[in-house]
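Just so it is clear, none of the values below were taken in a lab; they were calculated from the coordinates. Just so we're clear, the structure is a prediction, and the values are computed from it rather than from any experiment. Cβ sites come from the backbone with ideal geometry, for glycine too, and all protein chains shown count toward neighbours.
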Amino acid sequence: MLAGHLFRMMRTAKLMSLSASNAKGVAARAGDKALGFRPITDFIAEMANDTIHYATKINHLALTVSRTAVNDLRTLDGARRFAEAREQIDDSGQAAFIDHLIRQADEKRTAMHAETAEIMAQLNAQLDEIHQRVRGSTIIVSNSRTEASRAGEFQKYLDSIADSVELSARDIQLEISKCRKLIESLDTLDDSSRNTPDYRLRTGTS
Amino acid sequence: MKTTNLYNKGHRWVTFGRDPKKLAGIIDTNQYMIIDGQRALLMDPGGIEIFSAMLASVLRLCDIDTITDIFASHQDPDIISSLGLWDQTLPTARLHSPWIWESFLRHFGLNHIEYVGIPDEGKTLALESIEVQFIPAHYLHASGNYHVYDPEARILMSGDVGAALEADGAPLFVEDFDEHIEKMKLFHQRWMPSNRAKNDWVKRVRELDIDMMAPQHGRIFRGDDVKRFLDWFEALEVGSAIG
Ligand SMILES: [Fe+2]
Ligand SMILES: [Fe+2]
């Protein structure tokens, strides 16, 4: 799901980068009339590239998180099955061995949760980076409009480019907030499975 | 899970199965273990759903460190989908299984146990006092498949060959061979794909001295019923249950 949002984010960023190079072309043809437009197009191109870069990073991180989640479920399932075996064992020495297996699984899960929390923090930081950059585009868009108004017959092209950047920025922000919501919901899921390992309640192991 | 002794002279053969608590809808399986002094070989340890009962059962018989080796006749889930759990339980054990299934079996989660691929021609494994043979049974039914033969106890663990589909809680041994045929027929016709492989196997197994043939499903054949089975299986047309 996260991958879907990231994909749309990247697609929009690519569109943005295309708008930037179009704008560059128009600015070049407009010559002196669009001199002030060039740094703006550079800024847009950079913003688009950064968005793609961070979204790629997020994708990698998200993949690690989902792999760890599968591993975590596997380990939890193992701990439950070990506890089931323990219920059927009377010999205290053998029960101690199973307790050791359960503890081992527990420790592994604790380590995995810590790792996931760390990656989630990184993930949020990358989203922040994109958010900051895209927010900067509001100023750029208004600058673009001012510059466009000085570009004579090129005004309508440059205006339409400003429009498309504005639209793209809005789309990216939307995807960012969807990503954040998704990450938040993952976090709460994780908490609930962390706090009530029912296999422990059943067997009384610590 | 019921534990039954099959042989106990110097080393021991045990079978586990007929679990009254087994989930409905899961095919009943027979698991086997040889305990030879401080070495034990767990054979076709079964699916994930019976792991807990199996772990408890083996721990009633021996210490966990005794189980040094696991054997999986082929890659089916009812044979070895518990592998990921055994991997956490027996990190220093070795798994003997057809070489062709290694990269497939790793999907069950193999992080500690060492995979020892059995070559196509089979091989032997020395335990403490005895040596068992991994006898090729390719295409019966998996394309890489072995059975375990113990020349001392004269037991052949025959995987899916000799399997029967019957109601839960059926007796462990074949009592009336002719009556048993109906419970085996469809299974062999449908699950066994190759007459050539089957006849080749029958020829190979006829050379062995067998007191007991122990399949992974259904009942164990003893004495003359082993020969009766070989005759019946040789005559049966397999790979033919459709159309
Ligand atoms: Fe099978
Ligand atoms: Fe089977």
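Give the relative contact order (percent, whole number) for region B:2-235; include only Cα pairs under 8 Å separated by 6+ residues.
For region B:2-235, the relative contact order is 15 percent.
Longer than 18 Å from Cα to Cα, which of B:K9/B:K123; B:K2/B:K22; B:K185/B:K227; B:K203/B:K227 are they? Say none if no pair is. Mind dumping the intermediate values first?
Details: B:K9/B:K123 24 Å; B:K2/B:K22 11 Å; B:K185/B:K227 16 Å; B:K203/B:K227 12 Å.
Beyond 18 Å: B:K9/B:K123.
What average number of partner chain Cβ atoms lie no more than 10 Å from the Cβ of the residues making up A:77-83? Write down the numbers at each step before the final one.
On the way: counts 4, 8, 1, 1, 12, 6, 1.
Whole-number average of other-chain Cβ neighbours for A:77-83 is 5.
Could you work out the Rg to Rh ratio of chain B, with Rh taken as the Kirkwood radius (inverse of the mean 1/r over all Cα pairs)?
On the Cα set of chain B, Rg over Rh gives 0.93.
Along the positive direction of the dipole of region B:2-235 (beta-carbon charges: Lys, Arg +1; Asp, Glu -1; about the Cα centre), which of B:V202, B:H96, B:I27 reaches farthest?
B:I27
Could you tell me the center-to-center distance, by alpha carbons, between region B:116-174 and region A:3-45 in angstrom?
68 Å
In whole Hz and in residue order, list the ³J(HN,Hα) couplings for region B:50-64 that follow from phi through the Karplus curve 6.51 cos²θ - 1.76 cosθ + 1.60, θ = phi - 60°; x for Gly and Pro.
For region B:50-64, the Karplus curve yields 10, 4, 4, 5, 5, 4, 4, 5, 5, 5, 6, 9, 7, 6, 4 Hz.
Near A:K156, which lysines are there with a Cα under 28 Å away, not counting those fewer than 8 places off in the same chain?
Once the sequence-local lysines are set aside, what remains near A:K156 is A:K14, A:K24, A:K33.
If you take every DSSP beta bridge fully contained in the protein assembly as shown, what fraction is antiparallel? Give it as a percent rounded to 5.
65 percent
For the peptides A:62-68, A:102-108, B:45-51, what is the packing order when you average, over each peptide's residues, the other Cβ atoms within 10 Å and list the highest mean first?
The densest-packed peptide leads the list: B:45-51, A:102-108, A:62-68.
Give me the inter-chain shielding for B:22-32: mean count of other chain Cβ atoms within 10 Å, whole number please.
Other-chain Cβ atoms within 10 Å of each residue's Cβ, averaged: 0.
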